[in-house]
Protein chains: 2
Amino acid sequence: MLNFRFIAKVLGHILVALSLFLFASAGVSLLYGEGDFYAHIFSALVCLVPGGIASWVWRKVPKEIGRREGFVIVSTVWVIMSLFGCLPYILSGTIPNFTNAFFETISGFTTTGASVVSDIESLPHGILFWRSITHFIGGMGIIVLAVAILPYFGFGGMSLYNAEAAGISNDKLHPRIKQTAKLLWRIYLVLIGAETIFLMLGGMPLFDALCHSFATIASGGFSTQNDSIAGYSPYIQYIVIVFMLFAGTNFTLFYFVWKGNISRVFENREFRVYLTVIAVITAIVTFTLAILDHHEGEESFRTALFQVVSLITSTGFATADYTAWHPYLTYLMFLLLFSGACAGSTSGGIKIMRHGILFRNTLQEFKRMVHPHAVIPLRINGKPIASDVVYKVLAFVMLYMTIFSLGAFGLTVVGMDMDSAMGAAATTMGGIGPGLGTVGPVDNYFAVPQAGKWILSFLMLLGRLELFTVLILFSPHFWKK
Amino acid sequence: MLNFRFIAKVLGHILVALSLFLFASAGVSLLYGEGDFYAHIFSALVCLVPGGIASWVWRKVPKEIGRREGFVIVSTVWVIMSLFGCLPYILSGTIPNFTNAFFETISGFTTTGASVVSDIESLPHGILFWRSITHFIGGMGIIVLAVAILPYFGFGGMSLYNAEAAGISNDKLHPRIKQTAKLLWRIYLVLIGAETIFLMLGGMPLFDALCHSFATIASGGFSTQNDSIAGYSPYIQYIVIVFMLFAGTNFTLFYFVWKGNISRVFENREFRVYLTVIAVITAIVTFTLAILDHHEGEESFRTALFQVVSLITSTGFATADYTAWHPYLTYLMFLLLFSGACAGSTSGGIKIMRHGILFRNTLQEFKRMVHPHAVIPLRINGKPIASDVVYKVLAFVMLYMTIFSLGAFGLTVVGMDMDSAMGAAATTMGGIGPGLGTVGPVDNYFAVPQAGKWILSFLMLLGRLELFTVLILFSPHFWKK
């Protein structure tokens, strides 16, 4: 029997926290005096009252958390937050339709950044702030989830990382979830603060700098501008690139840097592959734009680097429309939607660690074929990978590709064309934002049929929570016993 | 050091055998008196002379075959046959361009059925016969390869089958390759003979019946008609459907039927999944065509069943243009390109057995997550699957998807649009034939750029020989020692 009182207590705490952020965006609204003030206040109260009651009624429920309670909490938190978090959009009338408002909110909390808003610049500042805050909250949630909670359940990107680092005891930050979370949040906040300052140095107003920093470090992608980052100076674009790169980096590495252990950062294999992949693809795109299409050199490089980093880190900011590039570049960008950056970062998708394990296994198979009777275990960084880790990765990637295929199929059923459907499914599962066809970087998701938006919302949730966390709730094994 | 003399001897035998088939097509040419006679005769001599010399010079080389020689022979046989086999097209002037002729030939030998010929009906009968004979030879080769040779090397579809059947000793036909090959060829010839008779009963002339039977049982797809099977009667279409189904079935099952052990056929899990998948997808397509598009019921069912069976068995015959269907049906057909039918059949692609193992592993992962400390091995039909089999399947599918992605990328680089590139890469790797976009079922590959045809030829070879057989030759491990 699930401990529902404990679940209710945790969700109560979450709602109270959510109401605080809503009061904050009410404050922003008050500051700009744009009439969406009461929408925020009312939303905050709708969160605060049930949240407060649940927190108070079950205040004495012990803090012990079981695996099954953990799964339920993790999966429902994102849904509950999105259900309550879409209230400001609806109440302010900026996104009156419930489906659209829910889509925008879950896109924020899952740090996807897919939007239904056509004229972003017409939104009041309070709403823009709330929209960016959903990224901020989602990013905070995911680093704790990825680095502290999921490994405790024995899966997720970071448990792979630990599997790699088995034997290197201090690659784990701290054993206790609470301490780890605090340290990660400090890194997270420092990164946001640093980016905000650097953006302001480039002439961006505080408000926009803060919103873009929330979106960058959470690898979200919501901008305050209709043309995303395209209208900003090269300096600002480079700053955003650097911080997107940081957001896609394993947060543990910042801890090493802070401890003065820089060499450890470049010993990290995943990080090196991450930079290499970005370098290679950026080179291909730059070459095409500069040599074949005769664009200016620095601009070609910057455009290439920006889109590549934005997609691989699953941020989804844009400075160019890659769907208008040569077909092979568009296809390359499509493939990037399946990449993901480092485990233990805020980025989404499959992640480089998993690709690496699968790639290694394939290489090993060639060795095994030449020497069929030799026992050749799978090694990464010289350390053997346990077979259950390989099985987990295998199961994850297969499930990922299956859900991608089913999701895209569902989208074609509700009327999207094949390219747009595949692009939309891939980009929402990977938490990126822009896709292909009718949902490319210069388009938005407004025109997607209602049923399609629910499919996409579910894909965002699945992708963000590493599939199994959500799907296990639908498994009979979970409810048996 | 590789035993090159042994390799040369085997290739010599193959060339002599090829010359016999070329003499046969010369005979057909003589019968119809269409002027391509000398093209066949000259091609036959070009095969016979070096083949005969190699066979005679190295006649005393012992018959022992090592693993490494086996890999080299298997990979080079298909290439050598295609190099020599394209001579009749070039010499007769029907396909004067070498790239095109090679493409058509390797498409035949790999039983893919992708064609560069726009007006098939204008070809002389001798050439049409040779074109179908390449399917016949390729099919013969693959059943021996898949059922007898590859498992000896420890991989391939059938070794998975044996892995499943471990413990059921007489699921293996006969331990000796030669006996097994003879038995399989008998089944193969009986199926071709039976289909030819049934097609003739439906009014198809002997020549066309024979050519279509070659193409069906080899799961090839070359037709003697410009509109493939579309112009034939419903009776003939149903006959072709039934024999395509047979071609996608594990040939071991026919052995059981012959032994009177019918129950064993339906105990075979892969076979049941194969029929179930066909039934489900056919139902979806039929429903759409009949109810939503208001086509006639029987015709809708027949059209649906034909395309589904043709794609899943990797035959590639067509009676309709699925790219003109609803986008979700086109997408469903695209997904089918990655399916493949049963292990131990003439069909290509990933195959149902492999999908099954991956699917099972994913289901197990849910169990493992709920009970993290229980040891839950992967079972199929109640029998545990060894972890090295799972690793092999994992490596195969990952390599398959990687090569698909790279292949499609290569095709976009040479100028194909994304849909056509993905469709062409998937369909050639799977040995099917028709793809998407500019290479759909009513189009052909003539307009694909030359470089693209070489990419596609390589993909056909890789897909047909289960990837590793070919790629291991590029692995340093293979040449070390």
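Dividing the helix sum by the residues of chain A, where each DSSP H run of 4 or more adds -39500 (n - 2.57), gives a mean residue ellipticity at 222 nm of -20500 deg cm²/dmol.
Amide hydrogen proximity for B:Gly440: with H placed 1.01 Å from N in the peptide plane, the residues at 5 or more positions away or on another chain lying under 5 Å are B:Gly435.
Using a ≥ b ≥ c from the Cα gyration tensor of chain B (square roots of the eigenvalues), is it rounded, prolate or oblate, where a/c under 1.5 gives rounded and otherwise the larger of a/b and b/c decides, a/b for prolate? It is rounded, given that a/c, with a ≥ b ≥ c, falls under 1.5.
Loop-located trypsin sites (Lys or Arg not before Pro) in the stretch B:34-97 (DSSP state other than H, G, I, E, B) with a sparse environment of at most 11 neighbouring Cβ atoms within 10 Å: B:Arg59, B:Lys60, B:Lys63. What you get for the stretch A:387-479, charging only the Cβ of Lys and Arg (+1) and of Asp and Glu (-1), is a dipole of about 180 debye around the Cα centre. Couplings for the stretch B:199-207, taken from phi via the Karplus curve 6.51 cos²θ - 1.76 cosθ + 1.60 with θ = phi - 60°, read 5, 5, 4, x, x, 7, x, 3, 4 Hz in order; Gly and Pro are left as x.
What the phi angles of the stretch A:262-268 give under the Karplus curve with 6.51, -1.76 and 1.60, with θ = phi - 60°, is a coupling list of 5, 4, 4, 4, 7, 6, 6 Hz, glycine and proline written as x. Here A:Leu20 yields copy-to-copy label distances, from shortest upward, of 8.5 nm, the label point defined as 7 Å from Cα along Cα to C-beta. Step through the table entries A:Lys182/A:Lys259; A:Lys351/A:Lys453; A:Lys9/A:Lys453; A:Lys367/B:Lys480; B:Lys351/B:Lys392, compare each Cα-Cα distance with 19 Å, and write down the pairs that go over it. Listed pairs above 19 Å: A:Lys351/A:Lys453; A:Lys9/A:Lys453.
Working from label points 7 Å from Cα in the Cα-to-Cβ sense, the A:Leu406 to A:Trp185 distance is 3.6 nm. Ordering B:Cys211, B:Phe109, B:Ile127 by the projection of their Cα atoms onto the charge dipole of chain B, which places +1 on the Cβ of Lys and Arg and -1 on the Cβ of Asp and Glu, puts B:Phe109 at the extreme positive end.
Spin-label pair B:Phe266-B:Ile197: with each label point 7 Å from Cα along the Cα-Cβ axis, the two points sit 2.5 nm from one another.
Projecting the Cα atoms of A:Gly316, A:Leu471, A:Gly93 onto the charge dipole of chain A (Cβ charges, centred on the Cα centre) puts A:Leu471 farthest toward the positive pole. For the stretch B:310-370, rounded, prolate or oblate, judged on the Cα gyration tensor with a ≥ b ≥ c (square roots of eigenvalues), a/c < 1.5 rounded, else prolate if a/b > b/c? In terms of gyration-tensor shape, oblate. Think of the stretch A:313-381 as a dipole: +1 on every Lys or Arg Cβ, -1 on every Asp or Glu Cβ, centred on the Cα centre; then among A:Thr330, A:Pro372, A:Thr346, A:Pro372 lies furthest on the positive end.
Specify the inter-centroid distance of the stretch B:90-145 and the stretch A:184-204, based on alpha-carbon positions, in whole Å. So the two Cα centres are separated by 64 Å. Shape class for the stretch B:177-283, computed from the alpha carbon gyration tensor (a ≥ b ≥ c): oblate, with a/c not under 1.5 and a/b at or below b/c.
Quick one: if the Förster radius is 35 Å, what FRET efficiency do A:Val414 and A:Lys383 give, using the C-beta to C-beta distance and rounding to 0.05? Efficiency at R0 = 35 Å is approximately 0.15.
What you get for the stretch A:259-329, charging only the Cβ of Lys and Arg (+1) and of Asp and Glu (-1), is a dipole of about 480 debye around the Cα centre. Across chain A, the relative contact order, built from alpha-carbon pairs under 8 Å that are at least six residues apart, equals 17 percent.
Averaged over peptide A:400-413, the number of partner chain Cβ atoms lying within 10 Å of each residue's Cβ comes to 3. For the stretch B:374-481, averaging the sequence separation of C-alpha pairs within contact (under 8 Å, six or more residues apart) and dividing by the residue count gives a relative contact order of 21 percent. For the stretch B:252-324 and the stretch B:410-424, what is the separation of their C-alpha centers, rounded to whole Å? After rounding, the separation between the Cα centres reads 29 Å. Loop-located GluC sites (Glu not before Pro) across the stretch B:261-364 with a Cβ neighbour count of 15 or fewer within 10 Å are B:Glu296, with loop assigned by DSSP.
Pairs of Cα atoms under 8 Å, at least six residues apart: use those to get the relative contact order of the stretch A:281-369, whole percent.
Values: 86 pairs, mean separation 16.6, N = 89.
Reported relative contact order: 19 percent.
For the stretch A:229-239, putting each phi into the Karplus relation 6.51 cos²θ - 1.76 cosθ + 1.60 with θ = phi - 60° gives couplings of 9, 4, x, 8, 5, x, 4, 5, 4, 5, 4 Hz, in residue order, rounded to whole numbers and with x for Gly and Pro.
Put a plus charge on the Cβ of each Lys and Arg, a minus charge on the Cβ of each Asp and Glu, and nothing anywhere else: the dipole of the stretch A:41-110 about its Cα centre is then about 320 debye.
Taken together, the values in this text are just the output of simple stated rules run on the coordinates, not laboratory data. This structure is a prediction, so every number in the text was calculated from the model and none was measured. Counting neighbours? That spans all protein chains shown, and the Cβs are built from the backbone with ideal geometry, glycine included.
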